[in-house]
Amino acid sequence: MMPDLGAYAAAVLGSYAATLALLAAIVGLSLWRAARIKRTLRDVERRRERDLG
Amino acid sequence: MSIWEYANPKKFMQASEAVLPWLAALTAVSLVVGLIWGFFFTPDDFRQGSTVKIIYVHVPSAMMAINAWIMMLAASLIWLVRRHHVSVLAAKAAAPVGLTFVLIALVTGALWGQPMWGTWWAWEPRLTSFLILGLFYLGYIALWSAIEDPDTAADLTSVLCLVGSVFAVLSRYAVNFWSQGLHQGASLSLDAEENVADVFWYPLLVCIGGFVLLFLTLVLLRTRTEVRMRRLLALLARERMA
């Protein structure tokens, strides 16, 4: 199944590994920050409703 | 129905919430199909050997690094002319994604260049202008972080984006402007004669589609976060004033 990459295996595999790692990092960071800000905003809005109500 | 309706943050949040899951699913499918096709089911090139497989990550990321800046330019111009907050928040949201594409293109380019050109890096027009574009991304992100007032930050980063656009254009057309340097011309062209062979071209198109969709998904997700962040900061400011 694995293609024979010959003498260039390190370059090809390194390129794919670096790409996948960087894409995973930006996706993971984006999801983590989205969840954190959403949770914080919800808490602040609840607190505000409670204080006003 | 006008596109400007989505400049309303509430309307934008509603529309993007409905679109995001579908976009994310389509992104995952096209990236998986494109990368597996390119890596496992394409032949070696007669000159470049197996390194030709790097094209499926290098070309889409380099292309999207430049296109992301062009999108940021359009969004910044909308902010400067029409003062729509969502547009400048979309530009802010796109910058780290664009920077990631720059890093991928630089790393994969170096790994491809070493066996083909005999060097990891060359100070030639296309590579140098692309590196400067990467530095503009860093400057743009740093400027947003450095200024407390969001409208002032939006104004100044928009101007920086206008200036950086010179290097986005140079990155793409440096090969045409100066016929020197190691980097080849466009791999993709409307002229079929200039294109790579079909056996490489079709999986490459799928990968490019996957990277475009990934960019759109991440920008939507991150813009939603920036809209929430803006509301959060406004509420916290009101609490402090009370």
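The values are calculated or read from the model by the stated rules, or taken from the named source; none is laboratory data. Bear in mind that the values here come from a model prediction, so they are computed numbers and not experimental data. FYI the Cβ positions are ideal-geometry reconstructions off the backbone, even for glycines, and counts take in every protein chain you see. Keep in mind that these areas ignore ligands, DNA and RNA; they rest on the heavy atoms of the full protein, side chains included. Shrake-Rupley method; radii C 1.70, N 1.55, O 1.52, S 1.80 Å.
Worth pointing out:
- Hits among lysines - C-alpha to C-alpha of B:K10 under 20 Å, sequence gap 8 or more where chains match: A:K38, B:K92
- Per the Debye calculation on chain A with a single equal scatterer at every Cα and no solvent contribution, log₁₀ I(q)/I(0) for q = 0.18 Å⁻¹ amounts to -0.72.
- Helical runs (DSSP H, four residues minimum) scored at -39500 (n - 2.57) apiece and divided by the length of chain B put the mean residue ellipticity at 222 nm at -28000 deg cm²/dmol.
- DSSP loop chymotrypsin sites (Phe, Trp or Tyr not before Pro) with at most 14 other Cβ within 10 Å: longest gap in chain B: B:47-119
- Buried area at the B-A interface (accessible, heavy atoms, 1.4 Å probe, summed, Å²): 3200
- Computed from the C-beta positions of B:L236 and B:A15 and an R0 of 30 Å, the FRET efficiency is 0.70 to the nearest 0.05.
- Each label point was placed 7 Å from the Cα along the Cα-to-Cβ direction; for A:R50 and B:T119 their separation is 6.4 nm.
- Hydrodynamic estimate: the Kirkwood radius of the protein assembly as shown over Cα pairs, inserted into Stokes-Einstein at 37 °C and 0.692 mPa s, corresponds to D of 159 µm²/s.
- Projecting label points 7 angstrom from Cα along Cα→Cβ for A:L31 and B:E148 puts them 3.6 nm apart.
- Convex hull volume of chain B per residue (C-alpha atoms, cubic angstrom): 147
- Where B:L221, B:L156 fall by accessible area, highest first, once all protein chains stay in place (1.4 Å): B:L156, B:L221
- Whole-angstrom gap from region A:11-53 to region B:52-124, using each part's C-alpha centre: 21
- Chain A: angle of helix A:9-52 to the longest principal axis, Cα-based, in degrees nearest 10: 0
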